[in-house]
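For reference, the structure discussed in these notes is given below.
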Amino acid sequence: MRAVAVSPPAAAERSNLAEHIYAVIKAEMDDFRLVPGDRFSEGELSQRLGVSRTPVREALFRLRNEGYLEVEAKSGWSVRPIDFGRLEELYDLRIILELASVARLCAYTGPPLPELEQLKAIWLVPVAERLSDGREVGRLDEAFHATLVRAAGNAEMARVHWDVTERIRIVRHLDFTRVDRIEATYSEHAKILRAVIQRKVEHAQLLLKTHVEQSKAEVRKITLATLYEARGRAAR
């Protein structure tokens, strides 16, 4: 019988810790506690988190490989500047995936999809019942678009779409630091959802494309000062 390799408990524990540290650092970037240009060392981070350098280093190199961080021998680690050209490409890919998903949903003729019923309960609500917390609305916005793609039934499309979502999260969250964008999101999501439910494919696609293009336009207005302002609001 062939032996099965089992990770030593210490290695498994370190791997879990590295995963946790990875999630913590990524959340700090998503919440503007770390913004492009910020610098730090492995030692500073391990001391702040109360862990050894080994899992910290594993988490940092993973984030570097995913394009979030940079490292230099003399200056240590830093959060990479926003690559606006790459963001434009990711938004274009997102639009393609979501338009295709909407077409599949509008062509669907089976019983009501539970995913769409869940979205109705969140977005087709009276104005008085709408949420006002930007962070929570941002989370629900991500879920709205991801759910539309997932409900369309193509697992590979859903996987690629979620990867895009992960990579544009920090700039999408900026959209929800403004009250007018929160209100617009509720209104636009409701219109898109109604059009999908009524199987008005061209109308639903037009609404969706306009909605995402608006977010894409907001990305072009981002400056480093905008990110620092967002960090200041998050700290309050």
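The values are calculated or read from the model by the stated rules, or taken from the named source; none is laboratory data. Please read these numbers as outputs of a predicted model, since none were measured by experiment. Positions of Cβ are backbone-derived with ideal geometry, glycine not excepted, and every protein chain shown enters the neighbour counts.
Structural remarks
- Which listed residue is within 17 Å of the chain's Cα centre (by Cα), at pLDDT 90 or above and of a type in the set (A, V, I, L, M), from 82, 95: 95
- Cross-chain or 6+ apart pairs with Cβ under 9 Å, the stretch 99-117 first and β-branched (Val, Ile, Thr), then surrounded by fewer than 16 Cβ atoms within 10 Å (Cβ to Cβ): 109/199
- Summed over the stretch 118-152, the residues that are under 14 Å from the mean Cα position of the chain (by Cα), exposed (fewer than 13 other Cβ atoms within 10 Å of the Cβ) and touching a residue at least 40 places away in the same chain (Cβ under 8 Å) give a count of 0.
- Among the residues making up the stretch 175-188, those that are out of contact with any Phe, Trp or Tyr (no Cβ under 8 Å at 6 or more places or on another chain) and either in a helix (DSSP H, G or I) or of a type in the set (Ser, Thr, Tyr) (or both) are 175, 176, 177, 179, 180, 181, 183, 184, 187, 188.
- Only residues that are hydrophobic (A, V, I, L, M, F, W, C), under 27 Å from residue 212 (Cα atoms), surrounded by fewer than 20 Cβ atoms within 10 Å (Cβ to Cβ) and without any contact (Cβ under 8 Å) to a residue 60 or more places away in the chain were counted in the stretch 64-98, giving 1.
- Qualifying residue in the stretch 176-189 (condition: modelled with pLDDT of 95 or more and touching a helix residue (DSSP H, G or I) at 6+ places or on another chain (Cβ under 6 Å)): yes
- Residue pairs whose Cβ atoms lie under 8 Å apart, separated by 6 or more positions or on different chains, with the first residue in the stretch 20-33 and among the basic types (Lys, Arg) and the second assigned to a helix (DSSP H, G or I), are 26/63; 33/231; 33/234; 33/235.
- Restricting the first member to the stretch 51-63 and to residues that are touching a residue at least 24 places away in the same chain (Cβ under 8 Å) and farther than 21 Å from residue 81 by Cβ, and the second to residues that are surrounded by 17 or more Cβ atoms within 10 Å (Cβ to Cβ) and among the β-branched types (Val, Ile, Thr), the beta-carbon pairs closer than 6 Å and six or more apart or on different chains are 55/21; 56/21.
- Options 167, 178; residue that is within 26 Å of residue 85 (Cα to Cα) and exposed (fewer than 14 other Cβ atoms within 10 Å of the Cβ): 178
- Residue ID - surrounded by the fewest Cβ atoms within 10 Å (Cβ to Cβ), chosen from residues in the stretch 32-63 that are within 23 Å of the chain's Cα centre (by Cα) and at positive phi: 37
- Annotation: of all residues in the stretch 187-236 being of a type in the set (S, T, N, Q) and without any contact (Cβ under 8 Å) to a residue 60 or more places away in the chain, the one that is nearest to residue 100 (Cα to Cα) is 210.
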